[in-house]
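This report refers to the structure that appears directly beneath it.
Any read-out appearing in this document is the output of simple, stated calculations on the displayed coordinates, not a laboratory observation. Being a predicted model, the structure only gives us computed values, none of them experimental. Here the Cβ is made from the backbone with ideal geometry for all residues, glycine too, and neighbour counts use every protein chain on show.
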Amino acid sequence: MTRDQVCACTTLRRITRRVTAAYDNALAPSGLRVTQFALLRILERSGDLSVVQLARAAALDRSTMGRNLDPLERRGLVAMRVGSADQRERIVTLTEEGSEAIKAATPYWRKAQAEVATLVDPSLIRALAEQPAAGLGVASTASNAGTIK
């Protein structure tokens, strides 16, 4: 690699850390982290999902999913039940409290959106969201998880 080449991985990871921190800081008064907010939004849009389906929609591995679902379940924002077809499957449901948490957190999410727009050009964010590689296209549930109408 020559000195004038930019490492895409390093650059994107640096941006991702900064953007995640902006969302987490803005959402802090709601008691949610950005990943938890995104999970609640996916459930709001999609309805009940298995843990595996939710992990896939959020582009998270199972251990990360567990670390995010456990506090949501403890707070009563999601409920877990055993799958009807497969007793090993766990189904995640958004509770009424979870819906209320989304409503309460949305103003903080909007604040983060505005802050991130000063850090990263919104046209770049749209271009990244439209990339079909690795399931990043706008048609995917995960990319639309935080979209607020």
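Restricting the search to region 113-128, which residues are in a loop (DSSP other than H, G, I, E, B) and not aliphatic (A, V, I, L, M)?
Taking region 113-128 and keeping what is in a loop (DSSP other than H, G, I, E, B), we get 120-121.
Listed by number, the list holds a single entry, ASP121.
Within this structure, GLY98 passes the test of being within 26 Å of ASN25 (Cβ to Cβ), within 15 Å of the chain's Cα centre (by Cα), surrounded by 16 or more Cβ atoms within 10 Å (Cβ to Cβ) and not acidic (Asp, Glu). Test ASP61 against the stated conditions and say whether it is free of Cβ contacts under 8 Å to residues at least 24 places away in the same chain and more than 15 Å from THR106 (Cβ to Cβ). Against the criterion (free of Cβ contacts under 8 Å to residues at least 24 places away in the same chain and more than 15 Å from THR106 (Cβ to Cβ)), ASP61 qualifies.
Candidates are the residues of region 28-45 that are of a type outside the set (A, V, I, L, M, F, W, C) and in a helix (DSSP H, G or I); the one that is surrounded by the most Cβ atoms within 10 Å (Cβ to Cβ) is GLN36.
For region 51-95, the set of residues classified as assigned to a helix (DSSP H, G or I), among the hydrophobic types (A, V, I, L, M, F, W, C) and either on the phi > 0 side of the Ramachandran plot or surrounded by fewer than 17 Cβ atoms within 10 Å (Cβ to Cβ) (or both) consists of VAL52 only. Remark: pairs (first residue in region 108-124, over 11 Å from THR20 (Cα atoms); second residue in a helix (DSSP H, G or I) and of a type in the set (Ser, Thr, Tyr); Cβ separation under 8 Å; 6+ apart in sequence or on different chains) = TYR108/SER30; TRP109/TYR23.
Rundown of residues vs (1) in contact with a helix residue (DSSP H, G or I) (Cβ under 7 Å, 6 or more places away or on another chain); (2) in contact (Cβ under 8 Å) with a residue 24 or more places away in the chain, yes/no style:
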position	(1), (2)
ASP4	no, no
ARG18	yes, yes
ASP24	yes, no
GLN36	yes, yes
GLU44	yes, yes
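Of note, ILE15 does not satisfy the criterion of being surrounded by 10 or more Cβ atoms within 10 Å (Cβ to Cβ), among the β-branched types (Val, Ile, Thr) and more than 15 Å from ALA112 (Cα to Cα).
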